[in-house]
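The values are calculated or read from the model by the stated rules, or taken from the named source; none is laboratory data. Everything numeric in this text was worked out from a predicted model, so none of it was measured. Don't worry about glycine lacking a Cβ; one is built from the backbone with ideal geometry, like all the others, and counts go over all protein chains shown.
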């Protein structure tokens with residue numbers, strides 16, 4: 001997960017601390033825009049700096065305020081040739097020398113927000129290798145899927161004709177995926193023109209959502225095995241926002257419905273002020289259903305990540321079956337982020353299996369490690385809300401296939417009604433306080449079909 005902190009501009013920064021290379025400001029009142037939390041601040045570490053020792057920043061302005069630093073205008077300490085315009089959140093990203101950070105406040109209007117343009121950070125390999133929660137301990141493990149998804153397939157619903165956008169680390173041209181990717185864009189500075197995934201996370205996620213299962217004779221296939229995939233590679237938060245903008249701009253051309261984001265960062269602001277959450281809201285308003293990981297920061301309450309904090313997102317937590325078919329030992333996965341959100345909202349919205357999930361392997365990627373359970377050299381298993389999220393994204397594409405008129409609020413209601421009661425919280429020993437339950441795929445399908453204005457004939 002990404003970790004970042006923020007500050008508000010509009011008056012000079014009062015305190016500059018060199019101890020940890022962090023800028024700290026007192027609170028600023030947004031007036032009509034609201035008030036930021038007391039702990040709001042901006043910080044960065046040495047690992048966040050670019051190779052030439054600059055700080056990557058994301059600068060946004062309230063909707064009511066236009067930037068005084070337009071693209072064609074010279075701005076103090078802002079290199080115009082290295083700006084990534086982000087009109088979706090009324091801002092841009094760029095690079096600033098650390099010594100110039102305090103002076104930005106003197107130039108921008110009140111209410112301007114400075115955010116660390118964090119690199120996308122996935123779980124570190126040493127952690128995954130030593131954390132028993134992330135690796136199944138019973139041999140190869142069993143293939144976990146949403147309850148009754150096989151019955152959904154038997155009824156003829158497989159995501160055919162639908163597209164799932166995977167915004168992630170990339171997609172390797174795995175046999176299960178390469179012929180399904182109908183569009184590929186690399187938003188990183190590398191701009192790779194062909195499919196690739198040097199980390200391996202996006203490949204696994206895409207397979208869980210919509211992998212064909214070809215290399216496993218159908219045993220390890222995605223929830224929507226006949227859906228197409230749009231692969232959008234990103235490496236920073238600003239690029240993730242740019243990718244969401246691309247989804248909005250290309251929605252009609254490609255017939256986009258569902259966006260999967262198995263990504264996030266620690267939420268330090270409410271959804272109205274967080275740039276990533278704002279971008280998800282705008283994408284939802286444009287008619288896209290955005291499915292987002294709750295985060296792996298549990299079991300503490302209030303640990304749901306952004307952009308999953310946005311009310312419009314379908315935020316997914318991870319369910320732990322303990323690797324057994326029995327239900328009496330099931331819990332929420334211990335590390336699945338718990339609600340409420342920073343705004344006090346109930347999240348996550350639903351749960352899906354998230355422990356020891358098998359998906360396609362990207363050879364020679366960082367996740368290509370023998371410590372993880374493998375099925376030959378084509379699949380491996382890993383755990384997290386990142387793996388639970390594409391299960392729901394795949395199911396959403398099936399629900400859209402069954403009933404194209406469903407919008408995101410209707411889908412959220414269907415998923416809620418099709419969910420079991422909240423399982424036991426792993427540390428409290430009582431049902432998870434935010435009430436999210438495991439989704440039954442066939443119940444969700446029945447509800448989607450029942451909501452059709454023109455009920456279809458039974459599928460043989």
*Output the number of residues of the stretch 393-421 satisfying the condition of being assigned to a loop (DSSP other than H, G, I, E, B) and either more than 25 Å from residue 263 (Cβ to Cβ) or in contact with a helix residue (DSSP H, G or I) (Cβ under 7 Å, 6 or more places away or on another chain) (or both).*
7
*Where residue 446 falls short, out of the listed (1) surrounded by fewer than 21 Cβ atoms within 10 Å (Cβ to Cβ); (2) touching a strand residue (DSSP E or B) at 6+ places or on another chain (Cβ under 7 Å); (3) part of a helix (DSSP H, G or I)*: (2)
*asked:* Being crowded, with 18+ Cβ neighbours inside 10 Å and either in contact with a strand residue (DSSP E or B) (Cβ under 6 Å, 6 or more places away or on another chain) or free of Cβ contacts under 8 Å to residues at least 12 places away in the same chain (or both): is that true of residue 331 here?
replied: yes
*asked:* Return the residues of the stretch 311-323 that are part of a loop (DSSP other than H, G, I, E, B) and farther than 23 Å from residue 409 by Cβ; say none if nothing qualifies.
replied: 321, 322, 323
*Kindly list the number of the only condition in (1) touching a helix residue (DSSP H, G or I) at 6+ places or on another chain (Cβ under 9 Å); (2) at pLDDT 75 or above; (3) surrounded by fewer than 21 Cβ atoms within 10 Å (Cβ to Cβ) that fails for residue 115.*
(3)
_Just to be sure I understand, how many residues within the stretch 78-92 are part of a helix (DSSP H, G or I), under 10 Å from residue 241 (Cα atoms) and either touching a strand residue (DSSP E or B) at 6+ places or on another chain (Cβ under 8 Å) or in the same structural domain as residue 279 (by TED's automatic domain parsing) (or both)?_
1
*Have a look at 204, 271 and point out the one that is touching a helix residue (DSSP H, G or I) at 6+ places or on another chain (Cβ under 9 Å) and either closer than 18 Å to residue 184 by Cα or free of Cβ contacts under 8 Å to residues at least 24 places away in the same chain (or both).*
204
*Tell me which residues, restricted to the stretch 324-338, are assigned to a strand (DSSP E or B) and either closer than 15 Å to residue 384 by Cβ or outside the structural domain of residue 382 (by TED's automatic domain parsing) (or both).*
332
_Can you tell me which residue is surrounded by the fewest Cβ atoms within 10 Å (Cβ to Cβ) among those in the stretch 287-310 that are touching a residue at least 60 places away in the same chain (Cβ under 8 Å), part of a loop (DSSP other than H, G, I, E, B) and under 12 Å from the mean Cα position of the chain (by Cα)?_
296
_Criterion first (farther than 26 Å from residue 429 by Cβ, in contact with a strand residue (DSSP E or B) (Cβ under 8 Å, 6 or more places away or on another chain) and either at pLDDT 95 or above or not assigned by TED's automatic domain parsing to the domain that holds residue 427 (or both)) does residue 359 satisfy it?_
yes
_Enumeration of residues in the stretch 245-258 that are under 14 Å from residue 184 (Cα atoms) and touching a helix residue (DSSP H, G or I) at 6+ places or on another chain (Cβ under 8 Å)_ = 247, 256
_helices (runs of 4 or more DSSP H) contained in the stretch 173-272 and holding at least 3 residues surrounded by fewer than 21 Cβ atoms within 10 Å (Cβ to Cβ)_ = 237-249, 251-254
*residue 458 at pLDDT below 90 and buried (at least 24 other Cβ atoms within 10 Å of the Cβ)*: no
